[in-house]
Amino acid sequence: EEVTSALRAAIAAGGQATSLYISGTPGTGKTATVHHAIRTLAADGSLPPFRTLQVNGMKLSAPQQVYSLLWEGLTGQHVPSQRAAALLEKRFSAIEKRRKGAQEVVVLLLDELDYLVTRTQSVIYNLFEWASSAHAPLVVVGISNTMDLPERLLPRVHSRLGIRRVNFLPYSHSEIESIICDRLRDLDAFEPKAVELCARKVAAVSGDVRRALEVCRLAAQLAEREELDAAPSGRGPLPHPAPASPPSHVGIELIERASRQLRGSASLRAIAALPKQQLLLLCCAVLQQRKTGLAEVALERLTAHHAALSRRHGAVGLASPAELQQMLARLKDGRLMGLAGAPGMLRLLVQPEDVKQAAKQQGGFLAELPWEN
C-alpha cells in the first residue's frame with residue numbers, strides 16, 4: 001500500500017520532484033510489489049497516462065549504459081551513452097520548460113540500483129536529480145538489496161535518494177508459510193507440516209521467499225521421481241531400489257532432502273572446491289562490497305585486502321602479483337568473477353551468501369571473517 005500510494009501521488013502530480021528508494025534483503029518482494037503497484041495504477045482511469053521503463057543494473061555492461069537505454073525507451077533512438085546523457089539533461093532540466101500542457105509521465109524502475117554506483121556516483125545523482133526537477137515528468141524508483149546504500153554515498157547523492165524511502169524486512173516463517181499456501185491453494189500435494197518446516201528453515205537463514213518456493217519445487221520433483229520409479233515399466237530391474245510405496249503428498253522427509261540438495265548447488269560446490277587462496281580472494285570481494293556498498297570491487301583494494309588478511313592470519317602464503325593475476329584469471333574462467341564496466345573494477349558473478357557458506361564450510365580463519373559487520 002505504501003508503494004502504491006507513493007506512486008499514485010507521484011503520477012497524479014505529473015511526476016514532478018518525485019523519486020522513491022526501495023531497499024531490503026533479497027527475496028522480500030521488492031520488485032514484485034512495484035510491478036503489482038504499477039499494474040494496479042495502470043488500470044486506474046482517474047490517473048493521467050504514464051508509461052514504465054525498467055532497467056536492471058546487473059545486466060548493464062557499464063553503469064553509463066542506462067543513459068542510452070532511457071533515451072531509447074523515451075524516443076526509440078539509440079545513441080551512445082555520452083550523447084544520451086546530454087540529450088536527457090536537456091530534456092529534463094528546468095531550463096527546458098518549453099511545452100505547455102500535460103506531458104506523459106515516465107516511471108523509471110531501476111532494479112539492482114547498487115550496480116549503477118560509480119566512483120564519482122554521477123550516474124545515480126543525474127537520474128535522481130532529473131526526477132527532482134520541478135518540470136520533469138519523471139518518477140524514478142530505485143530498488144536495491146543494500147539497506148544503507150544512501151548513507152554510503154556522497155552527501156549530494158544521499159540527499160537525492162532520501163526523498164521517499166521504503167524498507168522491506170525479511171519474511172517471517174509465518175509469512176513465508178502463508179505465501180506458499182497461497183501458491184498451493186488449488187493443489188492438495190503438500191503436508192501442512194512440510195510447508196511449515198520449509199518456511200521455518202528459510203526464515204532462519206535469509207527470509208527469501210524465492211528460496212522457499214525453490215525448495216518446494218524441488219521436493220515436488222523428488223516426489224514425482226519416486227512415483228515414476230515405483231511404477232512398473234517392463235524394462236527390467238531399476239538401477240536403484242524403488243521406494244516401497246510412492247508418497248501421496250510431499251512430506252517432511254522430501255523437504256529435508258530438497259533443502260540438502262539446494263545447499264549443495266553447483267555454484268556453491270564450485271566455490272567450496274577452490275584452493276584456499278582463491279576462496280580468500282572471493283571472501284575479500286564480498287567484504288569489500290559490504291564495506292563500500294558498491295556492487296563493483298576495485299582491483300587495487302581487493303588485492304590489498306587479500307594481502308592484509310594473508311599476513312594477519314598466516315594460514316595462506318602471501319601471493320605475488322603474478323600469482324594474484326593467475327588466481328583472478330582462474331576465477332574469471334570459472335565464471336565466479338568478471339570484469340566490470342570501469343577500468344580496474346571487478347564484479348562477483350556468484351551470490352555473496354554462497355561465498356560466505358563456502359568459507360564457513362572451509363572453517364578456520366575464513367569462517368571467522370567479519371561476515372556480520
Using only alpha carbon pairs under 8 Å that are at least six residues apart, calculate the relative contact order of the range 1-148 and give it in whole percent. 39 percent
Which entries of Lys30/Lys193; Lys276/Lys360; Lys201/Lys360 have Cα-Cα distances beyond 22 Å here? Lys30/Lys193
Want the number for Ala270 to His313: 0.36 nm per residue separation, take away the alpha-carbon distance, what's left? 13.1 nm
Taking the Cα centre of the chain as origin and charging only Cβ (+1 Lys, Arg; -1 Asp, Glu), how large is the dipole, in debye to the nearest 20? 1260 debye
Taking a straight Cα-to-Cα line shorter than 28 Å from Lys90, and setting aside same-chain lysines fewer than 8 residues away, one finds Lys59, Lys100
Could you run the Karplus curve 6.51 cos²θ - 1.76 cosθ + 1.60 with θ = phi - 60° over the range 4-10 and give me ³J(HN,Hα) per residue in whole Hz, x for Gly and Pro? 4, 5, 5, 5, 4, 5, 5
Helix 321-333 axis, angle to the chain major axis (alpha carbon atoms, nearest 10°): 80 degrees
At 1.4 Å probe radius, can you tell me the per residue accessible area of the chain in Å²? 52 Å²
Cut-off 9 Å between beta-carbons: net charge of the residues surrounding Ala258, Lys and Arg +1, Asp and Glu -1: +1
Taking 0.36 nm per residue of separation between Gln325 and Glu72 and subtracting their Cα-Cα distance, the length gained on full extension comes to 87.3 nm
Under the Karplus relation 6.51 cos²θ - 1.76 cosθ + 1.60, θ = phi - 60°, what is the ordered set of whole-Hz ³J(HN,Hα) values for the range 178-186, x standing for Gly and Pro? 5, 5, 4, 4, 5, 5, 9, 4, 9
For peptides 290-297, 362-369, 248-255, sequence by mean Cβ density within 10 Å, most packed first: 290-297, 248-255, 362-369
For Leu366, what charge total do you get from the other residues with a beta carbon under 14 Å from its beta carbon, if Lys and Arg give +1 and Asp and Glu give -1? +2
Evaluate E = 1/(1 + (r/R0)^6) for Asn167 and Glu353, where r is the Cβ-Cβ distance and R0 equals 22 Å; express this FRET efficiency to the nearest 0.05. 0.65
Normalised by the number of residues in the chain, what is the relative contact order in percent for Cα pairs under 8 Å and 6+ residues apart? 17 percent
Residues meeting the amide H criterion for Ala340 (H placed from the backbone, H to H distance under 5 Å, 5 or more places apart or on another chain) are Met345, Leu346, Arg347
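Tell me whether the range 28-128 comes out rounded, prolate or oblate; compute the Cα gyration tensor, take square roots of the eigenvalues as a ≥ b ≥ c, and use a/c under 1.5 as the rounded threshold.
Verdict is oblate for the range 28-128.
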Cα-based helix-to-principal-axis angle, 81-92 vs the chain, degrees rounded to 10: 60 degrees
Taking a ≥ b ≥ c as the square roots of the Cα gyration tensor eigenvalues, with a/c under 1.5 meaning rounded and otherwise prolate when a/b beats b/c or oblate if not, the chain comes out oblate
Shape category assigned to the range 1-73 from the gyration tensor of Cα positions, a/c cut at 1.5: oblate
With a sphere of radius 11 Å drawn around the Cβ of Asn56, what net charge do the other residues whose Cβ falls strictly inside it have (Lys, Arg +1; Asp, Glu -1)? -1
The set of residues whose placed amide H lies less than 5 Å from the amide H of Leu53, leaving out same-chain residues fewer than 5 positions away, is Val107, Leu108, Leu109
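The values are calculated or read from the model by the stated rules, or taken from the named source; none is laboratory data. Keep in mind that what you see is a predicted model, and the values were worked out from it rather than measured. Counting neighbours? That spans all protein chains shown, and the Cβs are built from the backbone with ideal geometry, glycine included. Keep in mind that these areas ignore ligands, DNA and RNA; they rest on the heavy atoms of the full protein, side chains included. Shrake-Rupley method; radii C 1.70, N 1.55, O 1.52, S 1.80 Å.
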